[in-house]
Amino acid sequence: MMKKTLSSCAVAACVCLALLSGAAAAGLPTIPDAGRAALADFLRERVAHGDVPALVALVVNRDAVLFLDGAGKRDVAKNAPIAADTIFRIASMTKPITSLGVMMLYEEGKIGLDDPVTKYLPEFEQVRVLTRFDPADGTYDARPPARPITIRHLLTHTSGIGYAFSDARLAKIDNGKKTAADLPLLHDPGDKFTYGQNTAVLGRVVEKVAGQPLDAFLRARIFTPLDMRDTFFVVPAEKIDRVVTVHGKTAGVLTERPNPATVQSPVRGDGGLFSTARDYGTFLQLFLNGGRHGATRLVSEASIRMMTSNQIGRVVVEQQPAADVSRTAPFPLGAGKDKFGLGFQIESAPVADRGLRSEGSYSWGGINNTHFWVDPQKAIAAVVLMQVLPFYDESCIKVLRGFERIVYRELR
C-alpha cells in the first residue's frame, strides 16, 4: 500500500474543505485556501533555508482540521520524505496527557489535589531541601521541607523537584541511578516554579491508584476513546518506517542520528511518548470541546477549566537554565510573566505582540522541539513538530513563531 507522502499532505488538508464549510456555517474559525498555501510555503521555505531538516504542522478548531502539512525529509540519509502521518518523539508533550489522567482519577475521588504525595509514594518522606552545594565535589547539605509535596505541587511544577539537564547542581549530584525521592528539592514546595520530574512522579501515582501500568491506563482511558492510533511508548514494528530521525545541532551544524532497529522509550509520566500531529491535535480538541470527544465525555468542563487556568497564584513561570547545552537552551517563552495550570503554561497579560496567541492560551513542548498551543479565545489549537536538539534552538523557535504569526494573520 502506498504511503501518504509530503505531496499528499496538502491534499489531506484540502479534503477537510467540506468540513470547513460546515465549520464556517457554525461560526467556527477557518483558514482559507490562500492561508493554507501561505502556511505550506512557510514550512517549505524554512526547510530549504536549513532551519530544520523536517517538520509537520497542524491547526484545528473544535471539529475539524484546518491545516495539516509538512516539509523536509523524515530520514535524510535514506532520502525519505516527510508525511502527514510521520511519527515524532513528543517527549514532554507526554506531560499534559498524564496530567489529564490524574484529573480523571481526581474526578473519581481516587486522588486529592492537595493530598501529600507520601499518601501514595511513602519514599517521599525522606525528601530534603538543598541548602548548601559544593560544585567542586558535589557534596551538599539539606533540611526537611517547610511543607509536604502535594499532587497540586507536582501538577504545577512547584514541588522543588528539578531536572539535571537544566540545573547544574543536580547534574553533579545525580549519578543517573537516583530517583526523584533521592535527590534534594531545589526549594520548598509551593515557593516557586521549577521544571522537573514532577509528572514522572505523577505517573507512578496513577499506576498505584489505578492498579495498572501507566501505558495501559493511558491507552484505555485516553488513546482508545480519542482514536489516537499512533500514540505509544513502543512503536509497533510495522510503523517504525514512519518514525522521523533526530538531528543534533552543534555550532550551527545539524547531524542526523539514525533510528535504531527498535524504537521505544521507558514508560514515564513526564516523557517518552511517540505520536503524530493528527493524534495530538485530537487530544487538544478534547480541551477545545470542554472534555468531550463527539458524544463521549472523558472529563468534566470543571476539570478542563482547572487544568487551563492559573493554579500557582502570585508565583510566575521562571526561566529555566541550561546545564546541558547539547540538550537545551534556556526556556520557556513567557518566562517572568506566565502562569501555570495543572499541566499547562498559561499565557498571561500583558500580551505585547497581538500577532501571536491570545491571553489565556495554554501550551507546552517537548525537548526535541515539538510544540503546541491552544487558544480558547480564538477556538483553535496548533501543533508544530520538529526533531532537533537542543530544545529552544533559535532556528526552531523562529519556525514556531513564524508559523504562529501566519496562522493568526490568515485565521477567519
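Observations on the structure shown:
- Taking 0.36 nm per residue of sequence separation and removing the Cα-Cα distance, the GLN212/ALA261 pair yields an extension gain of 14.8 nm.
- On Cα atoms only, tilt of 277-288 relative to the major axis of the chain in degrees: 70
- Residue among ALA38, ALA381, ALA237 with the largest mean-square fluctuation in a Gaussian network model of the chain, springs linking Cα atoms under 10 Å: ALA237
- For the chain, the longest principal axis of the Cα atoms and the long axis of helix 94-107 meet at an angle of about 70 degrees.
- DSSP-assigned coil residues among GluC sites (Glu not before Pro) in the range 221-315, each with at most 14 further Cβ atoms within 10 Å: none
- In nm, spacing of pseudo-spin labels at ALA142 and GLN377 (7 Å Cα→C-beta vector): 4.2
- Among LEU28, LEU400, LEU385, the largest mean-square fluctuation in a Gaussian network model of the chain, built with springs joining Cα atoms closer than 10 Å, belongs to LEU28.
- Take the Kirkwood radius over Cα pairs of the range 327-370, plug it into Stokes-Einstein at 20 °C and 1.002 mPa s, and you get 188 µm²/s for translational diffusion.
- Largest first, the residues HIS157, HIS49 sort by 1.4 Å accessible area into HIS49, HIS157.
- Accessible surface, per residue, of the range 276-336 when the full set of protein chains is kept, probe 1.4 Å, Å²: 44
- Over the chain, the ratio between the Cα radius of gyration and 2.2 N^0.38 Å evaluates to 0.96.
- Accessible surface of the chain, 1.4 Å probe, proportion on carbon and sulfur as whole %: 53
- Surface/4 estimate of mean projected area, convex hull on alpha-carbon atoms of the range 228-322, nm²: 9.6
- LYS398/ASN79 FRET efficiency (R0 35 Å; Cβ-Cβ; nearest 0.05): 0.85
- Rounded accessible area per residue of the range 66-200, 1.4 Å, Å²: 37
- Taking only the Cα atoms of the range 270-354, the radius of gyration and Dmax are 15.7, 46 Å.
- Entries of LYS95/LYS177; LYS110/LYS192; LYS337/LYS378; LYS95/LYS378; LYS239/LYS378 with Cα pairs more than 29 Å apart: LYS239/LYS378
- Around LEU214: net Lys/Arg minus Asp/Glu count, Cβ-Cβ under 9 Å: 0
- The mean sequence distance of close C-alpha pairs (under 8 Å, at least 6 residues apart), as a share of the length of the chain, puts its relative contact order at 21 percent.
- For the chain, the longest principal axis of the alpha carbon atoms and the long axis of helix 394-410 meet at an angle near 50°.
- Translational diffusion coefficient (Stokes-Einstein; Kirkwood radius from C-alpha pairs) of the range 67-218 at 4 °C, 1.567 mPa s, in µm²/s: 75
- Largest accessible area first, the listed residues PHE340, PHE232 line up as PHE232, PHE340 when surface is computed with a 1.4 Å probe on the assembled protein chains.
- Between ARG297 and ARG412, the FRET efficiency from the beta-carbon distance, with R0 = 30 Å, is close to 0.50.
- Rounded to the nearest angstrom and listed largest first, the equivalent-ellipsoid semi-axes of the range 88-163 from its Cα gyration tensor are 28, 18, 9.
- Cα-based Kirkwood hydrodynamic radius, the range 180-224, one decimal, Å: 12.3
- Rg(Cα) / (2.2 N^0.38 Å) computed for the range 174-257, rounded to two decimals: 1.52
The values are calculated or read from the model by the stated rules, or taken from the named source; none is laboratory data. Remember, it's a predicted structure, so these values are computed and weren't measured experimentally. No Cβ is skipped: glycine too gets one built from the backbone with ideal geometry, and neighbour counts run over all protein chains shown. SASA here: full protein model, heavy atoms, side chains in, ligands and nucleic acids out. Shrake-Rupley method; radii C 1.70, N 1.55, O 1.52, S 1.80 Å.
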